[in-house]
Amino acid sequence: MSETQSTGINKIKDSASKKTLEYADCIYRNAEADDFFINIKGELNQVDRLVSDAVNNLVVNFKFISELTKSHHEMVLAIEKLAAPEGSKPILELLEKQMVVADKIEQELEMAVTSLQFGDLVTQLLAHTSRQVEMLSIELQRVDRQSGWGKTSNKKMLKRVHEGISEAVAKTTIKSTRKPVVQQGMQMGDIELF
Amino acid sequence: MAKTILAVDDSASIRQMVAFTLKGAGYEVIQAVDGQDALDKANSHQVNLVLTDINMPRMDGLKLLELLRKLASYKNIPILILTTESGDEIKAKGRAAGATGWLVKPFDPKRLLEVIGKVIG
């Protein structure tokens, strides 16, 4: 084998090896992208679990406080009945103060009913975001499969990457369902009777 | 005799907050986790009002509304929608399907009771 022949074969070998590497790199990049999207979904699920857990605990606490408030209210009324015949002014004043406290706790509990609904809003938003991430991941994979990156120059490839991402985002946007939660705060929502 | 309200929501915390509010006002509350569960319970209980969410698995609130209105015993029963959604398009769908009213979450207990008092008589 001449030196020229050997160099030629080496060039072919190099070229084949480069293509294999490019292909491997492409697969590696896809696997990396998949991992990235899986991580995002995992983190969104983690937030969902944390929020759900916190809400469940808060609801249990809320119910317990509510039961205690009821008992306290009933106790104050019972003491008031017992103290009334005596007409002891300091005791009656103290009981009146207790009733004011009980009423205030009830008002706060009512406000907590509105605030505690945040869990439902967050869960719906997370599910919506998670769906969008998944759709974007699928669209990007599809664009990647169709593009044939290896056959073009770097400049053209970059252009295709940009176009591919834009296309994937546009398709995800079209496929997205309407956002289920538009609330920006926990203020009471509108009411309309038909 | 206490009036019975069927509260439908896939969120356990919302169901509990609704039940807490309504029971505190003297109503009987039946809870359902989605439209299908609500339909089953509506068929086996006498209900005076239905309060339902929209976005739920298995059967959503609009489908439930549509099916309930087909039942003779639910033709004139007030059905209120309690949802995070407030878009005109979906509201119009609810109205067309026979909803009595539309309440956007989060609800305020006092206002919820006022509305229920108004529609339940």
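Structure data summary
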| quantity | calculated |
| --- | --- |
| Selection from region B:51-84 of residues that are surrounded by fewer than 24 Cβ atoms within 10 Å (Cβ to Cβ) and of a type in the set (Asp, Glu) | B:ASP60, B:GLU66 |
| Residues (assigned to a loop (DSSP other than H, G, I, E, B), within 7 Å of chain A (Cβ to nearest Cβ) and under 12 Å from the mean Cα position of the chain (by Cα)) located in region B:78-121 | B:ALA99, B:THR100 |
| Condition check for B:ARG15: closer than 24 Å to A:VAL122 by Cα, in a helix (DSSP H, G or I) and free of Cβ contacts under 8 Å to residues at least 60 places away in the same chain | yes |
| Flag if B:ASN48 is in contact (Cβ under 8 Å) with a residue 12 or more places away in the chain, over 26 Å from A:LEU109 (Cβ atoms) and either of a type in the set (Phe, Trp, Tyr) or surrounded by fewer than 20 Cβ atoms within 10 Å (Cβ to Cβ) (or both) | no |
| Candidate set from region A:179-194 (those that are more than 7 Å from every other protein chain (Cβ to nearest Cβ) and exposed (fewer than 14 other Cβ atoms within 10 Å of the Cβ)); member that is farthest from A:GLN124 (Cα to Cα) | A:GLN187 |
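Each row is one residue, and each column tells you yes or no for (1) touching a strand residue (DSSP E or B) at 6+ places or on another chain (Cβ under 7 Å); (2) modelled with pLDDT under 85; (3) among the small types (Gly, Ala, Ser); (4) more than 29 Å from A:ARG178 (Cβ to Cβ).
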| site | (1), (2), (3), (4) |
| --- | --- |
| A:ALA31 | no, yes, yes, yes |
| A:LEU44 | no, no, no, no |
| A:ALA54 | no, no, yes, no |
| A:SER66 | no, no, yes, yes |
| A:SER71 | no, no, yes, yes |
| A:LYS81 | no, yes, no, yes |
| A:PRO90 | no, yes, no, yes |
| A:GLU108 | no, no, no, yes |
| A:ALA112 | no, no, yes, yes |
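The values are calculated or read from the model by the stated rules, or taken from the named source; none is laboratory data. Here the structure is a predicted model, which is why all the values come from computation and not from measurement. Quick reminder, even Gly has a Cβ in these numbers, built from the backbone with ideal geometry, and neighbours come from all protein chains shown.
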